[in-house]
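**Q** Pasting a structure below so you can have a look.
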Amino acid sequence: MKLQPGKIPVDILKEVVFKNLGFKREEVVLGPSAGIDGAVIDIADKSLIVSTDPITGAVEHIGWLVVNINANDVATFGVPPKFFLSCILLPENADRKTVETISTQIGKAAKELGIAIVGGHCEVTPGLSNPIIVGCMMGVADKGNYVTAGGAQLGDMLILTKSVGVEGTAILASDREEQLNEAIKPSTVDSAKKFFDQISIVEEAIAAFKIGGVNAMHYPTEGGLAGGVHEMADASNLGVKILEDKIRIQPETSEVCNFFKIDPLQLISSGALLISAKPEFADKIVKKLGQKKICASVIGEFLKNPDDRLLVQKNGKIQALPRPVSDHLWLALR
């Protein structure tokens, strides 16, 4: 079976990748698992949170993105990201300016978030058409003082911050600007390009965790909101129901998705955060985030039966929540 661009299917992860994990060490409290954003390693009275992610589908903001995307992974544990390493792979036509641009973006993004860059690797790699960067982010918490994407509980409310398709909208507006300008207003395209400014979820993740009542957090990257909700439900072994009319889609995202004929719910959505919270805390979290000028809303709830993955459409009809085969960004970039 030929694999599609993007994340590999969960069944291959479980049947192949997760069966080849090397030596088992007792310090590893949380290792590789479907839907989980990172690993947890206990060292003395501290928990080290570690995550890694590549940036492959963006060019113009690749250095800035690799820091923020990896920082987001650690922040979903309720832990501030602190240390970063990067592996920068460059195409054969790269020059000093390419290295300078990427390094400057990485340095600026890290400084804004209080992150130290502690190591990495940089090389020219034959066969590449665009740069690829793989990042590794770390944070430190008091032992056990964190949440994971797999901690959702039956009856928890599911909160979404910001909106869907944030990163995908920004990437398409930047990398397909000329094409989009011929079909929609250039002012709309310019506004969509600025969605990169919304990518970080560090502030809202840390704030929500401090408010209390949070059982799990996850942020939807490849596969968009639909993929992220499935990953969270998979990791928590629960079902889920989400309400289409509660899901915020910004006008720029709607126009870009309509042009490329893609589903905004299946478009890479870094910049949004999914929070599973106890019902009595949900409104408080939404209100507190609103006071920080971070839009948030309750979009659904977790159900008992893991087979129930439901999307209630705006017309009231209930359908199965799509499980993306490939992120719709790749459909647009083909």
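**Q** Please pick out the residue among ILE299, ILE275, ILE294 that is closer than 24 Å to VAL74 by Cα, assigned to a loop (DSSP other than H, G, I, E, B) and β-branched (Val, Ile, Thr).
**A** ILE294
**Q** Quick one: would you say ILE88 is modelled with pLDDT of 95 or more and either crowded, with 24+ Cβ neighbours inside 10 Å or more than 19 Å from VAL202 (Cα to Cα) (or both)?
**A** yes
**Q** Of the conditions (1) outside any loop (DSSP other than H, G, I, E, B); (2) in contact with a helix residue (DSSP H, G or I) (Cβ under 7 Å, 6 or more places away or on another chain); (3) surrounded by fewer than 20 Cβ atoms within 10 Å (Cβ to Cβ), ILE249 fails just one. Which one is it?
**A** (1)
**Q** Tell me which residues, restricted to the stretch 153-201, are within 19 Å of HIS61 (Cα to Cα), touching a helix residue (DSSP H, G or I) at 6+ places or on another chain (Cβ under 6 Å) and among the hydrophobic types (A, V, I, L, M, F, W, C).
**A** Hits for the stretch 153-201 are VAL166, ALA170, LEU172, ALA173, LEU180, VAL189, ALA192, PHE195, PHE196, ILE199, ILE201.
**Q** Touching a residue at least 12 places away in the same chain (Cβ under 8 Å) and within 27 Å of GLU203 (Cβ to Cβ): does that describe LEU30?
**A** yes
**Q** While we're on this one: Name the single residue that is surrounded by the fewest Cβ atoms within 10 Å (Cβ to Cβ) among those in the stretch 134-172 being β-branched (Val, Ile, Thr) and over 19 Å from ASP327 (Cα atoms).
**A** Within the stretch 134-172, the first condition is being β-branched (Val, Ile, Thr), and the residues that meet it are 134, 140, 147-148, 159, 161, 164, 166, 169, 171.
Filter once more, so that each one left must be over 19 Å from ASP327 (Cα atoms): 140, 147-148, 159, 161.
Numbers: VAL140: 15, VAL147: 21, THR148: 25, ILE159: 26, THR161: 27.
The selected residue is VAL140.
**Q** Conditions first: (1) closer than 28 Å to GLU255 by Cβ; (2) touching a residue at least 12 places away in the same chain (Cβ under 8 Å); (3) not polar (S, T, N, Q). ALA208 passes all but one, so which condition is the exception?
**A** Failed condition: (1).
**Q** Related question: Return the residues of the stretch 282-300 that are touching a helix residue (DSSP H, G or I) at 6+ places or on another chain (Cβ under 7 Å) and buried (at least 20 other Cβ atoms within 10 Å of the Cβ); say none if nothing qualifies.
**A** Restricting attention to the stretch 282-300, the residues satisfying the condition of being touching a helix residue (DSSP H, G or I) at 6+ places or on another chain (Cβ under 7 Å) are 284-285, 288-289, 292, 294, 296-299.
Within the stretch 282-300, ILE285, LEU289, ALA296, ILE299 qualify.
The values are calculated or read from the model by the stated rules, or taken from the named source; none is laboratory data. Just so we're clear, the structure is a prediction, and the values are computed from it rather than from any experiment. Heads up, the Cβs are rebuilt from the backbone with ideal geometry, glycines too, and the neighbour counts pull from every protein chain shown.
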